[in-house]
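Notes for the one structure printed next.
The values are calculated or read from the model by the stated rules, or taken from the named source; none is laboratory data. None of the values given here were measured: they were computed from a predicted structure. FYI the Cβ positions are ideal-geometry reconstructions off the backbone, even for glycines, and counts take in every protein chain you see.
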């Protein structure tokens with residue numbers, strides 16, 4: 001792993017939790033009573049930062065309790081880091097306040113944009129990969145990291161189209177962003193599979209080019225399928241179903257190469273009962289344990 | 001029940017990019033403006049700055065983003081206004097929400113703050129005219145969510161009023177709790193809202209009876225209760241900063257049956273206030 005300090009450092013108002021080899025899930029309020037009733041699970045929870053940017057009330061009460069019991073990953077969805085316009089300073093201030101208040105184990109954002117002028121589109125919108133956008137996005141990451149006083153993990157997007165003006169591949173772009181800004185990376189394996197299908201490249205080639213040494217978290221999720229203009233599959237990053245078999249296979253390959261960074265199963269729509277989501281995290285943990293065991297045995301044989 | 005005709009609520013989507021003096025300003029920054037231009041307007045072709053891979057078509061590909069934006073914002077409104085949706089049915093609500101988000105897309109990434117203009121939009125929405133009370137139900141829902149996210153403040157200690165000397169009571173100023181809101185309706189908006197909060201079939205309601213609603217969050221639970229006669233005027237004057245005596249006089253003028261003692265007790269019990277101040281007398285002496 002890299003020398004970047006992804007995790008929280010220093011004195012804390014919360015108990016220390018390790019993230020080693022952990023598998024977690026999105027935190028959904030409809031699961032709270034089931035989570036409370038369960039004997040303490042080994043995982044961690046990820047929250048969308050924006051849902052906790054209100055002043056007070058139940059969201060903060062819930063997150064405070066969860067943070068006492070589990071490691072928490074703070075996942076920003078709408079900083080618009082990939083947009084051309086300056087970051088929203090008010091929003092950045094709210095984000096920093098959450099980092100300060102909850103001391104999350106992981107902090108992440110997306111290589112995407114969601115606000116243009118004053119309109120918030122509530123989607124992860126794409127950008128061309130050029131020298132100019134590289135400089136701009138690196139500046140934005142630097143601004144976020146300076147504001148919150150720590151490195152973030154940047155997530156690779158699901159994409160559905162291309163910008164002919166792009167002059168570099170997504171992996172080149174991400175590698176250079178990480179080098180310039182010092183950020184870590186959140187590798188969403190489902191996004192790799194979705195983009196590979198939609199763009200017609202091999203997911204394994206993408207992973208071979210991806211700077212795995214900078215990955216501080218992995219995402220898994222389910223996708224749905226539509227058709228493109230030519231009637232061929234166009235996959236949608238829908239987060240509304242179990243992780244696909246092909247994505248599990250890619251995940252196992254990634255774990256074998258990248259070690260076992262904390263892995264999160266996202267499920268944001270058509271949310272199932274807690275046991276179904278917990279089973280997805282357990283499946284991820286089983287793969288992590290199996291791969292790590294075989295790597296250890298392999299090292300023992302080689303010694 | 002989907003509307004056949006489309007009210008003219010098309011938004012002018014010509015956005016200005018804010019001025020920017022950073023070193024990369026002006027360099028290849030037009031992609032967001034071009035890409036965003038057609039997101040909320042299905043009548044426009046996909047922007048020229050994007051394409052499909054290997055010369056494939058881009059229409060369905062761009063429509064993924066269009067669909068994500070529109071559906072997710074409709075879902076956001078449905079999450080803010082669940083009772084309104086139960087009343088109208090899903091198809092009606094989603095069509096109405098689609099018109100609204102095209103006219104008034106969010107200006108903040110905090111979607112729990114979206115839709116403050118939705119009740120006024122409903123009031124003007126042609127197809128909602130047979131439901132004249134619907135906008136007031138939506139106002140209660142919007143206030144409910146504001147209260148849900150309001151700052152955590154202890155409500156006023158119920159004993160606090162009793163500690164004020166009787167001769168100073170009329171001058172006392174009650175500071176509202178940040179979650180507190182008053183909503184007045186010519187209709188039975190609170191009864192209709194309450195009947196459609198859950199999935200149970202609603203009872204028969206006389207929608208023509210006017211109701212005033214108090215929304216509070218005394219601890220972590222939002223409560224919507226009906227205010228007695230004169231209560232809305234009384235609380236509105238207190239929120240505006242009037243001292244107790246003046247607010248009571250206004251309430252009595254508005255409603256001769258106004259019961260001061262019952263109203264104060266009810267409001268304090270509901271957690272409507274955060275503090276009490278004696279104004280010029282509140283000098284600690």
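Descriptive notes on the structure:
- From the options B:147, B:135, residue that is farther than 22 Å from residue A:118 by Cα, free of Cβ contacts under 8 Å to residues at least 24 places away in the same chain and in a helix (DSSP H, G or I): B:135
- Residues satisfying the stated conditions in the range A:169-184, i.e. in contact with a strand residue (DSSP E or B) (Cβ under 7 Å, 6 or more places away or on another chain) and assigned to a loop (DSSP other than H, G, I, E, B): A:183
- Pick from the range A:91-125, criterion at the interface with chain B (Cβ under 7 Å from one of its Cβ atoms) and out of contact with any strand residue (DSSP E or B) (no Cβ under 9 Å at 6 or more places or on another chain), ranking: farthest from residue A:70 (Cα to Cα): A:117
- Condition check for residue A:165: in contact with a helix residue (DSSP H, G or I) (Cβ under 9 Å, 6 or more places away or on another chain), within 12 Å of chain B (Cβ to nearest Cβ), surrounded by fewer than 21 Cβ atoms within 10 Å (Cβ to Cβ) and more than 13 Å from residue A:82 (Cβ to Cβ): yes
- Residues located in the range B:28-64, provided they are facing chain A (nearest Cβ under 7 Å), outside any loop (DSSP other than H, G, I, E, B) and either more than 15 Å from residue A:235 (Cα to Cα) or touching a helix residue (DSSP H, G or I) at 6+ places or on another chain (Cβ under 8 Å) (or both): B:31, B:32, B:33, B:35, B:36, B:51, B:53, B:54, B:61
- Here residue B:159 meets the list (1) part of a loop (DSSP other than H, G, I, E, B); (2) more than 14 Å from chain A (Cβ to nearest Cβ); (3) at pLDDT 95 or above almost entirely, failing just condition (3).
- Filter result for residue A:235 (in contact with a strand residue (DSSP E or B) (Cβ under 9 Å, 6 or more places away or on another chain) and either free of Cβ contacts under 8 Å to residues at least 24 places away in the same chain or under 23 Å from residue B:54 (Cβ atoms) (or both)): yes
- Taking the range B:180-285 as the region of interest, the strands (runs of 3 or more DSSP E) fully inside it that hold 3 or more residues being in contact (Cβ under 8 Å) with a residue 12 or more places away in the chain and within 24 Å of the chain's Cα centre (by Cα) are B:181-185, B:211-216, B:223-226.
- Here residue A:85 passes the criteria (1) under 22 Å from the mean Cα position of the chain (by Cα); (2) within 14 Å of chain B (Cβ to nearest Cβ); (3) touching a residue at least 12 places away in the same chain (Cβ under 8 Å) except the one numbered (1).
- Residue A:128 being in contact with a helix residue (DSSP H, G or I) (Cβ under 9 Å, 6 or more places away or on another chain), in a loop (DSSP other than H, G, I, E, B) and within 11 Å of chain B (Cβ to nearest Cβ): yes
- From B:92, B:112, B:193, B:121, residue being closer than 23 Å to residue B:239 by Cβ, modelled with pLDDT of 95 or more and surrounded by fewer than 22 Cβ atoms within 10 Å (Cβ to Cβ): B:112
- Residue list for the range A:28-68, filter: more than 11 Å from chain B (Cβ to nearest Cβ), surrounded by 15 or more Cβ atoms within 10 Å (Cβ to Cβ) and in contact (Cβ under 8 Å) with a residue 40 or more places away in the chain: A:28, A:31, A:35, A:41, A:43, A:44, A:46, A:67
- Test: residue in the range A:270-293 that is within 14 Å of another protein chain (Cβ to nearest Cβ), out of contact with any strand residue (DSSP E or B) (no Cβ under 6 Å at 6 or more places or on another chain) and crowded, with 20+ Cβ neighbours inside 10 Å: no
- Given (1) in contact with a helix residue (DSSP H, G or I) (Cβ under 8 Å, 6 or more places away or on another chain); (2) surrounded by fewer than 21 Cβ atoms within 10 Å (Cβ to Cβ), number of the condition residue A:265 does not satisfy: (2)
- Selected residue (only one of B:236, B:248, B:254 is in the same structural domain as residue B:191 (by TED's automatic domain parsing), in contact with a strand residue (DSSP E or B) (Cβ under 8 Å, 6 or more places away or on another chain) and surrounded by 16 or more Cβ atoms within 10 Å (Cβ to Cβ)): B:236
- Only residues that are part of a loop (DSSP other than H, G, I, E, B), more than 7 Å from chain A (Cβ to nearest Cβ) and closer than 28 Å to residue A:55 by Cα were counted in the range B:65-114, giving 3.
- Matching entry among B:43, B:26 (being exposed (fewer than 15 other Cβ atoms within 10 Å of the Cβ) and at pLDDT below 50): B:26
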